[in-house]
Amino acid sequence: MKATREVLVSEKPGETGSFDVQKIREDFPILKEIVHGKPLVYLDNAATSQKPRAVIDATMRYYSADNSNIHRGVHVLSQRATQEYEDARVKVQNFINAVHSQEIIFVRGTTEAINLVVNSYGRSNVRGGDEIIITTMEHHSNIVPWQILCEEKGAKLRVTPINDEGDLIFEEFEELLNERTKFVSLAHVSNALGTINPVRRIIEKAHSLGIPVLLDGAQAAPHTKIDVQALDCDFYAFSGHKLFGPTGVGVLFGKSQLLEAMPPYQGGGDMIATVTFEKTTYNTLPYKFEAGTPNIAGTIGLGAAVDYVNQIGLDNIANYEHELLTYGTEALSAIPGLRLIGTAKEKASVFSFVLEGIHPHDVGTILDREGIAIRTGHHCTMPLMNRLGIPATSRASLAFYNTKDEIDALVAGIYKVKEVFG
């Protein structure tokens with residue numbers, strides 16, 4: 001991909017820019033796929049997003065021209081690969097407005113990022129009788145690691161409730177905070193409901209009591225600007241594959257003073273300074289937390305994805321996706337027998353729904369025959385489904401390359417589902 005993409009957004013005096021979704025779609029080869037004889041309508045972006053040609057090319061370029069292990073190599077390929085890898089770290093630093101590039105730890109994804117914090121910070125700081133606060137809407141990745149820690153340490157996991165619309169009840173969160181609370185961990189945006197949590201208020205309240213906060217940003221990073229300094233969060237985690245980058249790479253941001261004090265999560269190569277059989281000393285940040293050969297190609301691809309998103313502009317993305325959200329909410333709400341699950345006041349472009357008398361898996365199967373890709377099931381949020389009194393939902397989740405025509409196709413597909421089931 002060329003260095004500039006000025007064709008994507010055309011500016012006019014007094015306007016924020018017009019969004020040319022058709023030109024953007026040309027950058028995504030997979031969107032030309034035909035599924036069951038019909039054009040692909042890809043509405044499963046909360047599970048993973050599609051990749052622009054710029055990301056595909058960056059990954060292929062590494063393997064075809066620069067393939068080498070990074071760091072400590074004196075030959076040309078190693079030096080080039082190392083430079084691209086570390087350039088990606090700086091791109092991510094700027095993308096989320098971290099103070100230092102050393103605060104950016106590359107991991108396999110959001111799940112590993114949370115596990116790193118649990119196993120390093122959590123094991124060092126949580127004791128018997130302590131409490132950790134999460135919310136009802138968490139992904140299993142932000143529940144199970146904390147449960148394991150609590151069982152090991154004799155600590156207690158406390159859960160902030162939500163209302164029937166899917167909003168977090170802030171007053172209940174305040175009630176849970178006390179002198180035993182040692183950590184707060186929650187989703188910035190719910191993967192199952194699209195709810196955008198009031199994270200600034202939560203962080204301010206927790207910090208007033210000296211409690212650190214981790215934000216699971218897997219569903220936020222592709223849709224809105226992230227500024228970790230403005231948020232003042234202590235940790236922020238997100239995945240490359242949801243940000244139009246490769247699978248198998250993700251990011252943990254942590255404040256330098258916290259990361260410096262934390263022990264390594266894994267032992268091995270590159271995370272050490274010196275090794276003897278008697279004692280090992282550890283490398284500096286961020287390498288202390290990056291044991292072994294990383295996903296070099298994936299990290300370079302993530303850097304390309306960040307460049308691509310920046311060229312379009314997250315404000316443009318957010319504005320366009322809000323239009324789609326409004327349009328889709330009205331269109332889906334008009335379907336008899338369809339109930340939207342998750343109608344929070346502030347939400348991202350996710351439509352979870354149930355159809356009266358029809359199992360979500362049947363909905364997804366029939367929509368697939370129409371070329372429409374959605375996700376069905378509990379979305380790794382089984383406690384949330386239990387709270388809502390449903391076993392599963394059908395979930396259509398949008399990205400900036402989706403269109404109103406695709407929402408119309410989803411609506412038409414749902415009517416076909418209803419016809420099948422009479």
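The values are calculated or read from the model by the stated rules, or taken from the named source; none is laboratory data. Bear in mind the structure is a predicted one, so any value in this text is a computation, not a measurement. Heads up, the Cβs are rebuilt from the backbone with ideal geometry, glycines too, and the neighbour counts pull from every protein chain shown.
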With (1) part of a loop (DSSP other than H, G, I, E, B); (2) under 28 Å from Pro222 (Cα atoms) as the list, and Asn69 as the residue in question, which single condition is left unmet? (2)
Taking the conditions exactly as written (aliphatic (A, V, I, L, M), outside the structural domain of Asp270 (by TED's automatic domain parsing) and either out of contact with any Ser or Thr (no Cβ under 6 Å at 6 or more places or on another chain) or more than 11 Å from Phe400 (Cα to Cα) (or both)), does Ile300 satisfy them or not? no
Sort out which residues of region 212-238 are in contact with a strand residue (DSSP E or B) (Cβ under 6 Å, 6 or more places away or on another chain), outside any loop (DSSP other than H, G, I, E, B) and within 17 Å of Leu314 (Cα to Cα), and write them in order of number. Val228, Phe238
Complete set of residues in region 278-293 that are part of a loop (DSSP other than H, G, I, E, B), farther than 20 Å from Ser78 by Cα and touching a helix residue (DSSP H, G or I) at 6+ places or on another chain (Cβ under 7 Å): Leu285
Only unsatisfied item for Ala305, checking (1) closer than 30 Å to Gln266 by Cα; (2) surrounded by fewer than 20 Cβ atoms within 10 Å (Cβ to Cβ), is (2)
Among what's in region 257-277 and is hydroxyl-bearing (Ser, Thr, Tyr) and assigned to a loop (DSSP other than H, G, I, E, B), pick the residue that is nearest to Gly292 (Cα to Cα). Tyr265
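Take the residues in region 259-286 that are hydroxyl-bearing (Ser, Thr, Tyr) and surrounded by fewer than 19 Cβ atoms within 10 Å (Cβ to Cβ); name whichever of them is farthest from Asp44 (Cα to Cα).
Here the answer is Thr276.
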Can you spot a residue in region 363-381 that is more than 21 Å from the chain's Cα centre (by Cα) and without any contact (Cβ under 8 Å) to a residue 40 or more places away in the chain? yes
Filter region 70-96 down to the residues that are polar (S, T, N, Q) and surrounded by fewer than 16 Cβ atoms within 10 Å (Cβ to Cβ), then identify the one that is farthest from Asp315 (Cα to Cα). Gln79
For region 208-261, enumerate the residues that are in contact with a Pro (Cβ under 7 Å, 6 or more places away or on another chain) and among the small types (Gly, Ala, Ser). Gly240
Can you name the residue in region 195-236 that is touching a residue at least 12 places away in the same chain (Cβ under 8 Å) and of a type in the set (S, T, N, Q) and is also nearest to Glu174 (Cα to Cα) among such residues? Asn197
Where in region 305-422 are there strands (runs of 3 or more DSSP E), lying fully within it, with 3 or more residues that are modelled with pLDDT of 95 or more and of a type outside the set (Ser, Thr, Tyr)? 338-341, 350-355
Being surrounded by fewer than 15 Cβ atoms within 10 Å (Cβ to Cβ), touching a residue at least 40 places away in the same chain (Cβ under 8 Å) and of a type in the set (S, T, N, Q) is the filter here, so list the residues in region 308-347 that pass it. Asn310, Asn319
Say we look at region 229-258 and pick out the residues that are more than 15 Å from Thr110 (Cβ to Cβ) and among the aliphatic types (A, V, I, L, M); which of these is surrounded by the most Cβ atoms within 10 Å (Cβ to Cβ)? Leu231
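Yes/no matrix, rows are residues, columns are (1) touching a Gly at 6+ places or on another chain (Cβ under 9 Å); (2) at pLDDT 95 or above:
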| site | (1), (2) |
| --- | --- |
| Val251 | yes, yes |
| Gly254 | no, yes |
| Glu260 | no, yes |
| Ala273 | no, no |
Please tell me if Glu103 is closer than 29 Å to Tyr308 by Cα, touching a residue at least 12 places away in the same chain (Cβ under 8 Å) and in contact with a strand residue (DSSP E or B) (Cβ under 6 Å, 6 or more places away or on another chain). yes
